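Notes follow once the structure below has been shown.
The values are calculated or read from the model by the stated rules, or taken from the named source; none is laboratory data. Since the structure is predicted, the reported quantities are computational estimates derived from the model, not experimental observations. Virtual Cβ from ideal backbone geometry, glycine too; neighbours counted across all protein chains shown.
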Amino acid sequence: MCVLLRYVCSLALTAITSVFSIAGPGFINISLSRSYLADRLVGLLRHGAKCWAPRVPGGSKQCIVDFSSPNIAKEMHVGHLRSTILGETLSCCLEYAGAKVLRLNHVGDWGTQFGMLIEHLNDQPGGSDGASIGDLQAFYKASKKRFDEDAEFKLRAQAAVVRLQAGEGPERDAWRRICDVSRQEFDAIYKRLDVKNLVERGESFYNEFIPARLEELAEKGVSTMSDGAQCVFTPGNQTPLIVRKSDGGFNYASTDLAAIWHRVHKERADWVIYVTDAGQAGHFVQVFATAKTMGWIPEAVRVDHVGFGLVLGDDGKRFRTRSSEVVRLVDLLDEAVTRCAAQLKERNPEWSDAEIQDAAEAMGYGAVKYADLNQNRNTNYTFSFDRMLSLQGNTAVYLLYAHARICSIVRKSGVDEKLLGPEAKDIQLATPEEAALALTIARFPEAVEAVLEELMPNRLTDYLYDLSTKFNDFYTNCPVIGSDEQASRLQLCEATAVVMRQCFTLLGIRPLMRL
C-alpha cells in the first residue's frame, strides 16, 4: 500500500490529477485535471480516433475469429444473426487494437446430407449439370423429405456420400455447384451486414488433416476405443469426446480438432476465438482440453469460446414465423428497412426515394445489429422491431439521430473544418457538464479494452449510450452557437462525434450525417 500511495502521490504532483484523497480503508479517489482532459481531446481532434487505440490483451498479434458458420444448401436464418454480428464486432475491435485478424467462416459443407442433395439434384430435369436449384430452402426440404420417406432414394444418397468422400468425380462437381449457389446467398447477406474479408474454410477444408491427428491421439494414448468408437475422456466429463464414430466416420469433434491444430500450427495464430451458441460450450471445453493435452495449443496461445443465448419471440420461445418456420435472415433485414423507410418518409417528406432508401438501410441494419450487441451475449433476448426502432432509449436509431444532431450543430456554425481537426486549439472545460462530457469521451479506450478483455460487445454499446446521455446534458445546459464559448464548445461537439463514429464503425453501423 505504501508503494501505491507514493505512486499516486507522484501523480498528484503532475498535471494529470487535480484532486487526490483517501476514501476509507482500501479506497483512493483521484480526479483528473480539466486541463489534462482538454489536452487529450485536442489530441483526438488533431490525430483522429486511431491515436486512442488500446493494445491487444496479452500482446496477441495474429488472431483468428471463427464466426457465422451457416450450412450449405440452407438459407441463413435468425439463428446465424448473433454469431455473425458478434464475430464481426470482435474482429473490428481486435483490428482497431492493432491485431492482424483472420475472419474464418466454418461453413457446414461436408457430411451425410450431401448425398441426398446430390441425388435430388441428379433427378431434376437436366441432371446435376443443368438442373436449376432454385430456392435453396425448398430444395433442401424436398431432398430431406425424399430421404426420410423413400428407401431406394436413401440408399442412393448414402452411396453418393461414399463416392463424394472418395475423391473427384460427378459427385464432387455436383457438390461444388450446390456450394457455389449457397455461397452467393451467403455473400448477399454479408454485403448487407457489411461483413468483409470473411474467408470460407468449410468442414471439407480440414478433412485431409483429420486422419493424422486421430493417429496421434491413439499413439500418445490420449484416445481409447469404446464400443467401437475412438474416444477421448477429458477431466470432469463423464461423456467422452467421440473423435471417430464406430462406423469409422468423422464428426464435428474430428473436424474441430483438425481445425485447431491447423489454426495454431499452420496459420500461426496466438489467439483463436470461436463464436457459436452457448449450447456448444461443453463441446469446446472438451476439444480445447484434448488439444492442450496433445500439445497442439501451447501455453502462449489463447483460445476462447464466445457463447451466446437464443433469439426469442414474444411468446418466450425460439423466434419463428407464425407457421413455425425459422425466420429467414433476409426477411428480417427487409422488414427492418421497410419500417425505417416509412418512419423517414413521415419525418422527411422532402427527401427523395434514393435518400430515404439509403438512410433506411443504414438505420434498419444498424438497429438489428445494435439490438443484438446491446444484450449480454450470455443471455437470451426477445426480438422486437418496435423496441429496436424506437427513437427513445438505448437503440441504434436514437443514437444515429443523436449523432446527426451533433453534425447539424457543426454545420450550422459555419466554422472551418480544419479548426475542428488538424488545427484544433485549446478547449475550455468551465462547467460541470463540459467536464463530465470530456471525461466520458476520454473513457472510450477503456470501453474497447473491456470488450476485448471480457469479449463482451455490450460494454461498447453501454459506453456509447452513456456518451450520448452526457452530450445531451451538456447541450441542454451549455449553449454552443452564438455563445462566447462557441469555439471551445464546437470542438467538444466534434470530439463527441468523432468517438461516436468510431464506436459505430466498431459495431458495424454506418453513421448518418443528417436525419
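So, in the stretch 323-346, of the ones that are in a helix (DSSP H, G or I) and without any contact (Cβ under 8 Å) to a residue 40 or more places away in the chain, which residue ends up farthest from the chain's Cα centre (by Cα)? Full working, then the answer.
Going residue by residue through the stretch 323-346, those that are in a helix (DSSP H, G or I) are 329-346.
Those still in the list that are without any contact (Cβ under 8 Å) to a residue 40 or more places away in the chain too: 331, 334, 337-338, 341-342, 345-346.
Working: Asp331: 20, Asp334: 20, Val337: 20, Thr338: 24, Ala341: 25, Ala342: 28, Lys345: 31, Glu346: 32 Å.
Out of the qualifying residues, it is Glu346.
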Some residue of the stretch 305-324 being of a type in the set (Ser, Thr, Tyr) and farther than 30 Å from Leu400 by Cα: yes
Test result for Leu373, buried (at least 18 other Cβ atoms within 10 Å of the Cβ), touching a His at 6+ places or on another chain (Cβ under 8 Å) and under 20 Å from Ile189 (Cβ atoms): no
Residue in the stretch 164-178 that is at pLDDT below 90, within 18 Å of Ala258 (Cα to Cα) and surrounded by 15 or more Cβ atoms within 10 Å (Cβ to Cβ) present: yes
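If you go through the stretch 149-158, how many residues are among the aliphatic types (A, V, I, L, M) and either surrounded by 16 or more Cβ atoms within 10 Å (Cβ to Cβ) or outside any helix (DSSP H, G or I) (or both)?
Adding up the residues that qualify gives 1.
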Verdict on Met513 being outside the structural domain of Gln392 (by TED's automatic domain parsing) and either surrounded by fewer than 20 Cβ atoms within 10 Å (Cβ to Cβ) or not charged (D, E, K, R) (or both): yes
Those residues of the stretch 423-465 which are outside any helix (DSSP H, G or I) and crowded, with 19+ Cβ neighbours inside 10 Å, in sequence order: Ala424, Ile427, Leu429, Leu455, Met456, Pro457
Helices (runs of 4 or more DSSP H) within the stretch 60-148 that include 3 or more residues at pLDDT 90 or above and closer than 30 Å to Glu453 by Cα: 81-96
